[in-house]
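Written below as structure tokens is the structure these notes are about.
Since every read-out is calculated from the coordinates, none of them should be taken as a lab result. Since this is a predicted model, take the numbers as computed values, not measurements. With ideal geometry, Cβ positions are generated from the backbone for all residues, glycine too; neighbour counts draw on all protein chains shown.
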Amino acid sequence: MIISKKSVILLLISVLTYNTAAMALIYYLPRYLLYIGAELPIVQLVTTIYPFSMIFLPQLLGKYSDKIQNRYLFFILGSIGASLFYFTLIFTRDLVLITVILIFYGMCGASYRLNFTLYQELTKNNPKFVTFYNAISVFGWFLGSQIGGIFIDIYGISQIFVFLLIISLINVFIIIFIRENRNAILEHYNSEEVDNPELNNLTNVEKKNIISKSIYVALFARHFGVRPIITILAVLMSFHLSSDTQIGFLLGFNPLLQFFLMLLTGRIITKKNEKYILMIGFFLSSGAILGYMLATDFFGFLLSQIMISSSFALFWNATQIYIAQKTNPRNKGKYLGYANSSFFSGGFSGGLLFSLLLSFNPNYYAFMWIMMIFPLLSTITILMKFKSD
């Protein structure tokens, strides 16, 4: 079932540590920028820069990794680069420099995500193991948001990058022991190709659109609307809640619930129902944004977090299982790259729009209703255009 059990386990541990640091950065960077004196529109603009590098790099790196048949090189470099990023931020409060190295951090993230391509290959595209990867990823988000909030309560927001650096260095150490097992992967692929040439032969599958383009459009529109809101979520909560530990719990509850939902949806997703699961997932994102607009206390934010976690668990798990089972070692990096590029380019574009709107009125709530429209467009796109075959 698994080509290398040791490498698969180490990949999952690496994903856990990397995402612990990454989510703490996403949630608490806005708080840090406010701490060093940045204005609200500037905070939104700077935090929007992070996905910029993810617009083109995932597909370019994915194609190149397909060509050279090497995934390990990319995610070890991405992990080392992320550590350098955290180390640099310990010593700077200059907004321009922070913005520049955020672009570098995005490049590192695009490179690191090639580990998912290798993981799918080592687990032979099994939906159960794709689900495990997604579940471990969001559990890392839980740890990052929860422990990050506690760390800030104890040591202050000024020391957040020390925490992120420590976690990142642990990840680098873990990756050193991962082996790609490329020959074993290709041997398995070649044997499967003989048994099922229509599915696995690249010459045949490239003659048709093996991945529905509606997936890319829906991912773009959903993240266009949601990413700017997620970026400032800790700030929104701080308007109504006074404890960083309480905020950390609410932020962490989102991925914790996703962890269990990922495991659940991985068992129920089939070709017959994946379209409907995608639609429900995208639709719930709009409901979550509405919830954030109306929330004024702990329980209001809790309900919104339940909706957003359900949303992501449903549409992201369905998307990754769908792509995994329709790709092979010769094109997997490219198509996973297309999906990541669509997702993050939506976040970057939505963040730019939100930043522009905030320049006219710095009140976040004045424009959140506009962002709520875009996940609805994702739902409609899947309804009208998505086909499993």
Worksheet item: Given R₀ = 25 Å, FRET efficiency for residue 77-residue 263 by Cβ-Cβ distance, to 0.05?
Response: 0.20
Item to complete: May I ask you to compute the full-extension gain from residue 366 to residue 162, defined as 0.36 nm times their residue separation minus their alpha-carbon distance, rounded to one decimal in nm?
Response: 69.9 nm
Item to complete: Please give the peptides 24-33, 147-156 ranked by average Cβ packing (other Cβ atoms within 10 Å per residue), highest first, as a rough proxy for protection.
Response: 24-33, 147-156
Worksheet item: How far is helix 244-268 tilted, in degrees, relative to the longest principal axis of the Cα atoms in the chain, given as a value from 0 to 90 rounded to the nearest 10?
Response: 20
Item to complete: Determine the calculated [θ] at 222 nm for the chain from helices alone, applying -39500 (n - 2.57) to every DSSP H run no shorter than 4 residues and normalising by the residue count; nearest 500 deg cm²/dmol.
Response: -26500 deg cm²/dmol
Worksheet item: In whole Å, how far is the Cα centre of the range 65-139 from that of the range 347-375?
Response: 27
Worksheet entry | Net charge, residue 378 excluded, C-beta distance under 15 Å - Lys, Arg +1, Asp, Glu -1 | +4
Worksheet entry | Nearest 10 degrees, 0 to 90: helix 373-385 Cα axis against the chain principal axis | 20
Worksheet item: Helix 57-68 versus the longest principal axis of the chain: what angle, 0 to 90°, nearest 10, using Cα atoms?
Response: 30
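Estimate the FRET efficiency between residue 172 and residue 272 by the formula 1/(1 + (r/R0)^6), using the beta-carbon distance for r and 45 Å for R0, to the nearest 0.05.
Values: r = 42 Å, r/R0 = 0.94.
Given R0 = 45 Å and the Cβ-Cβ separation, E is 0.60.
Mind checking the full-extension length gain between residue 104 and residue 39? Use 0.36 nm per residue of separation minus the Cα-Cα distance, one decimal, nm.
Details: separation 65, 0.36 × 65 = 23.40 nm, distance 2.29 nm.
Roughly 21.1 nm would be gained on extension.
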Worksheet entry | Average Cα contact separation per residue, the chain, under 8 Å, 6 or more apart, as relative contact order % | 30
Worksheet entry | Inter-probe distance in nm under a simple model that places probes 7 Å from Cα toward Cβ, at residue 6 and residue 96 | 5.0
